[in-house]
Amino acid sequence: MYKKVFIIDDDEVSVFLTEMTLATENFALRYDTFLNPTDALELLLPLLTEENRSCLPDIVFLDLNMPFMSGWDFLETLQPYSHLLQGNCKIYILSSSVDAYEMERAKNYSLLTGFLHKPICEKTIHQLTAGQ
């Protein structure tokens with residue numbers, strides 16, 4: 001079981017379904033949800049110091065298509081800190097997109113752990129916990 005998970009998605013229904021599915025599978029102790037990626041960054045960036053790194057979420061589930069700041073913009077903001085995130089925080093894109101271009105583009109971000117499709121399912125959750 002993970003300690004802390006961030007879910008970043010502007011769709012409240014999607015956030016609810018993701019959190020409930022994860023909770024049903026006892027995936028984590030705590031879920032922090034953000035409808036706006038900038039709110040998540042405000043909390044996340046100060047944790048990227050040596051003394052605060054233990055407070056990072058274990059996993060971030062990130063939607064791509066959001067109105068004010070896309071998931072790609074979020075990743076670009078974190079890219080300079082990828083060396084601090086790797087090994088401390090896994091970031092997964094969680095998207096309804098099946099666009100091959102987006103899946104290929106995701107490979108350019110070393111801080112990404114993977115690309116998952118919505119809605120997250122029990123099988124995917126078991127795969128993620130097996131790699132814990």
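Within segment 31-48, does at least one residue satisfy the condition of being over 19 Å from residue 7 (Cβ atoms) and not acidic (Asp, Glu)? Yes - at least one qualifying residue is present in segment 31-48. For residue 18, the conditions (1) in contact (Cβ under 8 Å) with a residue 60 or more places away in the chain; (2) assigned to a loop (DSSP other than H, G, I, E, B); (3) β-branched (Val, Ile, Thr) are fulfilled apart from (2).
All told, residue 82 falls short of being touching a helix residue (DSSP H, G or I) at 6+ places or on another chain (Cβ under 6 Å) and more than 22 Å from residue 17 (Cα to Cα). Restricting the first member to segment 102-128 and to residues that are without any contact (Cβ under 8 Å) to a residue 40 or more places away in the chain, and the second to residues that are assigned to a helix (DSSP H, G or I) and of a type in the set (Ser, Thr, Tyr), the beta-carbon pairs closer than 8 Å and six or more apart or on different chains are 109/82; 110/82; 111/81; 111/82.
Look at (1) surrounded by 15 or more Cβ atoms within 10 Å (Cβ to Cβ); (2) within 22 Å of residue 123 (Cβ to Cβ); (3) free of Cβ contacts under 8 Å to residues at least 60 places away in the same chain; (4) over 15 Å from the mean Cα position of the chain (by Cα) and you find that residue 47 fails only one, number (2).
If you go through segment 14-34 and keep only what is surrounded by 15 or more Cβ atoms within 10 Å (Cβ to Cβ) and out of contact with any Phe, Trp or Tyr (no Cβ under 9 Å at 6 or more places or on another chain), you end up with 14, 17, 25. If you go through segment 21-38 and pick out every residue that is part of a strand (DSSP E or B) and in contact with a helix residue (DSSP H, G or I) (Cβ under 7 Å, 6 or more places away or on another chain), you end up with 4.
Every read-out reported here was derived from the displayed coordinates using simple, explicitly stated rules and does not represent laboratory data. Just so we're clear, the structure is a prediction, and the values are computed from it rather than from any experiment. Because the Cβ atoms are built from the backbone with ideal geometry, glycine has one as well, and the counts that use them run over all protein chains shown.
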